[in-house]
Amino acid sequence: MKLFAWGLGYVAGRFHELTDNIELSGTSRTIESVTDWRGRGVRAHLFGDPGNQELIDDAARADVWLCSVPPVNGRDPVVDYCIQARLHPAAFTIYLSATSVYGGNDGGFRDEFAPSDGTSPRGLARKTAEGEWSYLCGAAGRRLGVMRLSGIYGPGRNALQRVAAGQAFGAFLPGQVTSRIHVDDIVSGIHQICAGAGVVGVFNMADDYAAPSAVGNDYAAQLLGMPALEKLPPDDPRLGPAVASFMAANRRIYGRRLREDLGWSPQYPSFKEGLEACLDADMVKTPNQ
């Protein structure tokens, strides 16, 4: 597979680690990151210059595009770049969106057939970006899969890291839950979607167990043999305004299409299995810590 990643980040890096027979190229926003990726054998390019012919050639050769670049000022910068550079999408594009496109604070389930009625600035921007990608791929006669991701965690990026670093408190609101997805399950979902002949449309990604963020923090502390974090209301000034905005959402995400149409199931069905695997992985990478 020749894959071009718009945004060589956490998901693309894990996909590269776990996938055999992949030729990866892509973009990053800093010279330091480009240099790092090239050191790992990836053809990395600095994003932004529509005259960068090497970038354009690598993107044009790819079988699949994977875009993880978030919207900027309400627009998708990659779509704008492609239009400016007159670059047609690959035969299949996977756009990594977010479940913030869904509204709701009732704790109920949202699958792919639920309305995209989120009203947060982040959710509205994601909805606009999905529409831009739909237009770009549709105009070129190319397939598009939109993966709406729940909160991502995995090796090196999880509650264990935060607790071990000394985080002493976290937000808690009775009855509020959030959905999560381990990065390795995102990778397996991408494989399933790429393998599905003619597959297009929206795919939610979440594990089987939505739970309060505080419960995940408590389990991380338990695994590390540390005391549970102090639980604060979302509007506590020690948490910052972004936390209150995040906690205003209360919904359970269900990935119906991946499960029922493509037979996917998560390797880590809840944060417990996921954090246990993260503990093992992070200890291997940092044996002296």
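None of the figures in this text is laboratory data; all of them are computed from the coordinates on show. What you are looking at is a predicted structure, and each value in this text was computed from that prediction instead of being measured. Virtual Cβ from ideal backbone geometry, glycine too; neighbours counted across all protein chains shown.
Using Cβ point charges alone (K and R +1, D and E -1), the dipole size of the stretch 194-256 about the Cα centre works out to roughly 220 debye. With the cut-off at 1.5 for a/c, could you classify the stretch 158-289 from its C-alpha gyration tensor as rounded, prolate or oblate? Judged from the Cα gyration tensor, the stretch 158-289 comes out oblate (a/c at least 1.5, b/c at or above a/b). Considering all different alpha carbon pairs of the chain, the Kirkwood hydrodynamic radius works out to 19.9 Å. Here the stretch 106-150 was treated as a single set of alpha-carbon atoms; its pair distances binned every 10 Å from 0 give 22, 50, 24, 4 percent. Label the stretch 6-165 by shape, choosing from rounded, prolate and oblate, from the square roots a ≥ b ≥ c of the eigenvalues of the Cα gyration tensor; if a/c is under 1.5 it is rounded, and otherwise prolate applies when a/b is larger than b/c, oblate when it is not. Note, shape of the stretch 6-165 comes out oblate. Across the stretch 65-134, Cα-Cα pairs farther apart than 21 Å form 30% of the total.
Ordered by the number of other Cβ atoms lying within 10 Å of each residue's own Cβ, fewest first, 207, 218 fall into the sequence 218, 207.
Where is the GNM fluctuation largest for the chain (alpha-carbon springs, 10 angstrom cutoff): 160, 46, 149? Per the Cα network of the chain with a 10 Å cutoff, 46 tops the list. Helix 183-195 and the long axis of the chain differ in direction by around 40°, with both axes built from C-alpha atoms.
The spacing between the stretch 219-276 and the stretch 136-197, judged by their C-alpha centroids, is 10 Å. Between residue 63 and residue 283, the C-beta separation translates, for a Förster distance of 30 Å, into a calculated FRET efficiency of about 0.25. Helix 213-224 and the longest principal axis of the C-alpha atoms of the chain enclose an angle of approximately 80°.
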